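The values are calculated or read from the model by the stated rules, or taken from the named source; none is laboratory data. Owing to the predicted nature of the structure, the values given are computational and were not obtained by experimental measurement. Methodologically, a virtual Cβ is constructed for each residue, glycine included, from the backbone with ideal geometry; neighbour enumeration extends over all protein chains shown. Accessible surface is based on the protein model in full, side chains and every heavy atom, while ligands, DNA and RNA are left aside. Shrake-Rupley method; radii C 1.70, N 1.55, O 1.52, S 1.80 Å.
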Amino acid sequence: MSEEKKFVVDGYVFETERQANQARRELEGIRYTKETLNMKDPEAVLSIYNRILQDKIFSTPIGYAFLRELQEYLIASPAIHSSEILPIDFMPVIEQAKWDDKEAMKLNRKRSEENYRARERDRRQRQRMKREEENSTLDGKFRHRYIVSLILNLILVLAIAAMFLLVHFSDVPTIIDYENKLINRYEEWEKQLTEREEKVKEYEEKYHITNGYSKP
């Protein structure tokens, strides 16, 4: 994760862009005040100092550092009584800090949510890549098995076709041929036996032979 962004203004580091923008505005106001304010006139300095405090114009360390500078000038001036110098009220800074803390909490919460979403995206992407890799591996295994099965079936079909062609075109007798020839031989023997029995019967009837003996 990249380093959190910091906002630097006049040597001060601020957590949020809003704080940095406020500091820039105060820095511009301080420069304008120094250009227009006659620092040799304590009364004018006192007027500007008290007005800034009453209007609560500053809320960053840059502005309060300038207020402290004016306060020290007024305390050192014999023309200004200490009772006229208002104390620097730090409560607006505390309230601002509380508000900034809330903003920082919101910012941190937003960053946490963004980091969580980024981690979730990375996790889902890793899971998707893992599933794709697993599916690719399974597809490869199934494809390999399919190819092997296809080759085996093709070999079986070719073997059966070769057997039929061999039987059809070959002169070598097969078991079926032997069986057919044997049946034909038996039928021929049975026919010859029947013819012989008929001839013997005709002969016996012609010469009146019974049980091997002729009648008188």
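Worth a mention:
- For the pair Ile48 and Glu132, label points projected 7 Å from Cα toward Cβ lie 6.5 nm apart.
- Region 12-44 residues near the modelled Ser112 label - backbone nitrogen below 20 Å, point 7 Å along Cα→Cβ: 15-17
- Modelled label positions at Asp55 and Ile88, each set 7 Å beyond Cα in the direction of Cβ, lie 1.9 nm from each other.
- Hz values of 3J(HN,Hα) by residue in region 188-198 - Karplus curve (6.51, -1.76, 1.60), Gly and Pro given as x: 5, 4, 5, 5, 5, 5, 5, 5, 5, 5, 5
- Using heavy atoms of the protein chains and a probe of 1.4 Å, the accessible area assigned to Glu15 is about 90 Å².
- Restricting region 25-76 to trypsin sites (Lys or Arg not before Pro) that sit in a DSSP loop and have at most 16 other Cβ atoms within 10 Å of their own Cβ leaves Lys40, Lys56.
- Multiplying the residue separation of Lys141 and Glu69 by 0.36 nm and removing their Cα-Cα distance gives an extension gain of 17.8 nm.
- Using θ = phi - 60° and Karplus 6.51 cos²θ - 1.76 cosθ + 1.60, couplings along region 46-60 (whole Hz; Gly, Pro as x): 4, 4, 5, 4, 5, 5, 4, 5, 5, 7, 6, 6, 9, 9, 10
- Amide H contacts under 5 Å for Phe14: Phe7, Val8, Val9, restricted to partners 5 or more places along the chain or on a different chain, H placed in the peptide plane at 1.01 Å from N.
- Separation of alpha-carbon centers, region 134-156 and region 45-71, rounded to whole Å: 84
- List Ile57, Ile80, ordered by accessible area with a 1.4 Å probe, largest first: Ile57, Ile80
- Karplus-derived 3J(HN,Hα) values for region 8-20, using 6.51 cos²θ - 1.76 cosθ + 1.60 with θ = phi - 60°, are 10, 9, 6, x, 9, 9, 10, 6, 10, 5, 5, 4, 5 Hz; glycine and proline are entered as x.
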